[in-house]
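Contents: one structure, followed by commentary.
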Amino acid sequence: MSVENAPVVDVDEAAIPVEKKMYYRFESNDKKEFRVSELAIQQSETLNRLVEAMGYTSEDVENKPAIAIENIDGKTLKLVFQWCEHHKGEAIPVDDGSVPKIVEIPEFDAKLMDIDNGLLFKLIWAADYLNIVQLLNVSCKKVANMAQGKTPAQLRRVYLLPSDEEDEAAKRAAQEAQDPRAREVEEEFEERKRQGGNSFF
Amino acid sequence: MQVDRFRLRCLPIDVLKNVLRTMDGDQLISYSLISRTTKQNVIDLKIKLRSFAVSIHSKLVISLQIPKYYQISLTFDENKTMNWNPEENEPLSLDTPEIVEAKCSKDYFQGCGESLFLENRGISVREWILHLFDIFRHLMINVLHLSEESNHFDISSIRRMVEGLTVNRIAFHRLPLDSCYKLMGETNTFLTGILLKSDLMPVEYLHKIVIQNTEITMFHSKILSLEERIQFRIDDILANNSENIFSFFTITSYKDMNRFLKLWMKGSNPRLKFMDVGFTFGGKKELLAIMNGIKYRVMEEDERRVRPCPKDLGPIAIAASEGSFLIRRKDGVEATVSIFSRRACMKFAVWD
């Protein structure tokens, strides 16, 4: 097991009240361990509820096994916790449902998300799973920015979007996969047509 | 160059929606054109437009305004219309432009961002309008502006573009009289309102146009709005059959207004529901000449009548309160006359 003993980012000790000075240990699905401050955890609704429900003391944190986050790998989780530590104590934005949603990407976040699209994809999934509202907003905005200056044809390539024909073919395939008999019936029908039969029934 | 790709459709649907919500308006329109599914994605965002305006001058521009100053504008085929010369060139057609320039501004007071040039693959302007109606679930063109140089375009192509669609208001800006007249003739079947704003037209022709138009559009014309700089006479209002008349900076006399009220009491302008006439202020004492010889009752301190303003004319309600004059038509229908000396206007509201 590889353990990262130090916090992901330096903590400003003076800024944290004494009673809040507590760290939790989390473990990714590839067994990487992270120590994250309680204040940083508050950025994640999912983790915040989890640690509240567990009611760990400082001793428990050290003595009990790290909390496992089974569907996020270490590389992604590292980015998530870096983001949380940097933005700890910040208010969590409330979504007013407006469209278009105006989101600015701060410099730190832009640098943090200077990653390949595969990792960005995982980061978004993680932000969604852990319910980190603002991380989800900025990462979604990063994806939205890929559309800047792109025509529909270019967008289709960037976002790997299927055309109408491909969508229909996929839908048909899914239907057939659900009901193998439908395909058999269709093939039988085509065969009869070739043989000159004018009625299937 | 290797293009970095992103599997957008593999995101959870709520997250995909969040990505689209953070896209700029022009990007969103580009996205909606990819396939039926992407179009549906944009429809599902339930974006509400505040207004859908089509302006035709040397080029055609569709402006979509979303609340909070956000604006998307689509300019059709700008290059083709440059250097157009009426002597040498055929009238331009709006049917299938080659290029659509899309841009948006988060705050239209601050100007627009970079443009996105979309090659238009045989999609007509009308189809564009219908596509935008679909994705923004909007039902009408709120205003169709026709300005100087719109006469470069073939009028029948303008008609084809908007035929069968609801156009809430049409506005003419600095257009020659014959162009206005032809456009009115072409557009009268879909018109619900007219807004004239021009200092080019002589009064006598304006009179003719409005009367002609209101005769043609008797059952369509809901709003006649005559904006600043128009010199308009009460006779023109008497000849008009609109439900709502707004007329500002009118060159008229209190005597004319008095005559109008008397004629209304006898049964003229039976469709009229509301009229707001601004006039040249001639002195506070003379104001009461408006009510000369008219049988009226002055509304009392706690008396008040209110109803919503006609659709698309703004949030201010039509109201009459203390000090307004209450008059009655021969068939018993009541109306209020509110005179505002400071704003130099008379508000006439029918309460049936």
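For the reader, a short list of remarks on this structure follows.
- Rounded if a/c under 1.5, otherwise prolate or oblate - region A:2-152, Cα gyration tensor axes: prolate
- Loop-located GluC sites (Glu not before Pro) in region A:96-187, at most 16 other Cβ atoms within 10 Å (DSSP): A:E104
- Added length on full extension, which subtracts the Cα-Cα distance from 0.36 nm per residue, B:E163 to B:C309: 49.8 nm
- Restricting region A:22-103 to trypsin sites (Lys or Arg not before Pro) that sit in a DSSP loop and have at most 14 other Cβ atoms within 10 Å of their own Cβ leaves A:K31.
- In this structure, the pairs whose alpha-carbon distance is over 30 Å, taken from A:K171/B:K103; A:K101/A:K171; A:K78/B:K46; A:K78/B:K17, are A:K171/B:K103; A:K101/A:K171; A:K78/B:K46.
- Modelled spin-label separation between B:I13 and A:I92, with each label point placed 7 Å from Cα along the Cα-to-Cβ direction: 2.4 nm.
- FRET E, pair A:L160, B:T96, Förster distance 35 Å, beta-carbon r, rounded to 0.05: 0.70
Every number in this text was worked out from the coordinates using simple rules, so none of it is lab data. Worth saying up front: this structure is predicted, and the values here are computed from it rather than measured. Because the Cβ atoms are built from the backbone with ideal geometry, glycine has one as well, and the counts that use them run over all protein chains shown.
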